[in-house]
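K.L.:
Please see the structure below; I have some questions.
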């Protein structure tokens, strides 16, 4: 006999929050499995779809995102890559079924499961990172096979662990565990070598402080954030000491080559070329773009004729420019809407204390994804897509969800570990 849905939700939350660093695409399989379970529960009428206006608004935006991508694929009907790319957007349709299943659980316990899972996952990812760094690589990628998704996953672990530390109320053991999780996750982000995500280690604490500020706790939270951020920077820099000088030296060398010598045949220079190329394509076809195949087909000739050399690429290393070149203003509006709409609708909702923490997490996680999209991929990778849907589902439930009883369900107690299951009907 299976455990109650509430218990499964809490364990699932902890596992997904922590598995990304060492399990890679396991996130995709887990969230897909949860979607199937949610659809089965809905079909068996164990629970109904949630009808909260804010939740439905996010659902509609996500659905428009999916439909819009398929419409772009039809516009570029001669390019099958667009259809395959649009199919990757189907994961965003999981939001409402997953949310409806989570509505059976108590928010405070889910928050605790999310925090403990992230802290444990950060520890596991750090161990794997140290092994990879010491044995065979200068940039760790965990089990994702790519430093980009690994860095984003561990940055989100840093975000959640730091939030757990900041909201601690007298539970020294939990605060210590959350601080350790934040420190170890920060080390993983640095050891990934993804320089575009390093600013998140400063931006995230600022966001969490700003959106969780209250007259009675601001100064305490500021002190905690300063201590945690300083310690994170010190320990993570020590852990990635062998990596850091090389990455900074490479950046300085590339800046000098691009802006002083006019040499674009380096990491930074190639990104600048891709951005110029993408903007040029957008200006030539501003409404619907060129489609994926034509984008890649024109690129070698463009770089060869303008700069005297050519190279291949899989994306333009900026989510907005890539969207504009591929699908014009239509694709740009879709990607901006799906990224920021959850924040807009959550900001308009009246929130209790736990809802405010969830809102701060939502804003910080959107910032994590925006950083990822500034110099790399934001959406279009299975790990990042499914993790985004999962995290928006979780944080939206913290904001919009109703507690079974306000006196117990959403009170952050010192014993802030998952406790006995409690299922309630929505």
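The values are calculated or read from the model by the stated rules, or taken from the named source; none is laboratory data. This is a predicted model, so every value here is computed, not measured. Ideal geometry is used to build each Cβ from the backbone, glycine not excepted, and the neighbour counts take in all protein chains shown.
K.L.:
Which ones in segment 26-62 are in contact with a helix residue (DSSP H, G or I) (Cβ under 6 Å, 6 or more places away or on another chain) and more than 15 Å from residue 102 (Cβ to Cβ)?
P.N.:
26, 27, 28, 57, 61, 62
K.L.:
With respect to residue 110, determine if the residue is more than 17 Å from residue 392 (Cβ to Cβ), touching a helix residue (DSSP H, G or I) at 6+ places or on another chain (Cβ under 7 Å) and in a helix (DSSP H, G or I).
P.N.:
no
K.L.:
Regarding residue 9, is this residue closer than 26 Å to residue 144 by Cα and not assigned by TED's automatic domain parsing to the domain that holds residue 127?
P.N.:
Spelling it out, residue 9 is indeed closer than 26 Å to residue 144 by Cα and not assigned by TED's automatic domain parsing to the domain that holds residue 127.
K.L.:
As an exercise: evaluate residue 326 against (1) at pLDDT 95 or above; (2) within 30 Å of residue 274 (Cβ to Cβ); (3) buried (at least 24 other Cβ atoms within 10 Å of the Cβ) and give the number of the one condition it does not meet.
P.N.:
Residue 326 satisfies every listed condition except (1).
K.L.:
Just to be sure I understand, how many residues within segment 257-283 are in a helix (DSSP H, G or I) and surrounded by 13 or more Cβ atoms within 10 Å (Cβ to Cβ)?
P.N.:
18
K.L.:
Just name the residue that is farthest from residue 72 (Cα to Cα) out of those in segment 287-314 that are buried (at least 21 other Cβ atoms within 10 Å of the Cβ) and under 27 Å from the mean Cα position of the chain (by Cα).
P.N.:
Filtering segment 287-314 for residues that are buried (at least 21 other Cβ atoms within 10 Å of the Cβ) and under 27 Å from the mean Cα position of the chain (by Cα), the one farthest from residue 72 (Cα to Cα) comes out as 295.
K.L.:
Residue check, residue 134 against (1) under 19 Å from the mean Cα position of the chain (by Cα); (2) surrounded by fewer than 24 Cβ atoms within 10 Å (Cβ to Cβ); (3) without any contact (Cβ under 8 Å) to a residue 60 or more places away in the chain, all met but one. Which one?
P.N.:
(1)
K.L.:
Follow-up question, since we're still on this one. Which residue is farthest from residue 155 (Cα to Cα), if the candidates are limited to segment 27-54 and must be in a helix (DSSP H, G or I) and without any contact (Cβ under 8 Å) to a residue 12 or more places away in the chain?
P.N.:
43
K.L.:
Also, I was wondering about something else. Restricting attention to segment 98-119, and to residues there that are under 18 Å from the mean Cα position of the chain (by Cα) and more than 23 Å from residue 35 (Cβ to Cβ), which single residue is surrounded by the fewest Cβ atoms within 10 Å (Cβ to Cβ)?
P.N.:
For segment 98-119, the residue satisfying everything is 116.
K.L.:
Suppose the filter is in a helix (DSSP H, G or I), closer than 27 Å to residue 351 by Cβ, in contact (Cβ under 8 Å) with a residue 60 or more places away in the chain and under 20 Å from the mean Cα position of the chain (by Cα); does residue 61 pass it?
P.N.:
Yes, satisfied.
K.L.:
Answer with yes or no whether residue 5 is farther than 30 Å from residue 140 by Cα, in contact with a helix residue (DSSP H, G or I) (Cβ under 9 Å, 6 or more places away or on another chain), modelled with pLDDT under 95 and surrounded by fewer than 22 Cβ atoms within 10 Å (Cβ to Cβ).
P.N.:
It is true that residue 5 is farther than 30 Å from residue 140 by Cα, in contact with a helix residue (DSSP H, G or I) (Cβ under 9 Å, 6 or more places away or on another chain), modelled with pLDDT under 95 and surrounded by fewer than 22 Cβ atoms within 10 Å (Cβ to Cβ).
K.L.:
Kindly evaluate residue 141 against the criterion of being without any contact (Cβ under 8 Å) to a residue 24 or more places away in the chain, assigned by TED's automatic domain parsing to the domain that holds residue 363 and more than 30 Å from residue 352 (Cβ to Cβ).
P.N.:
no
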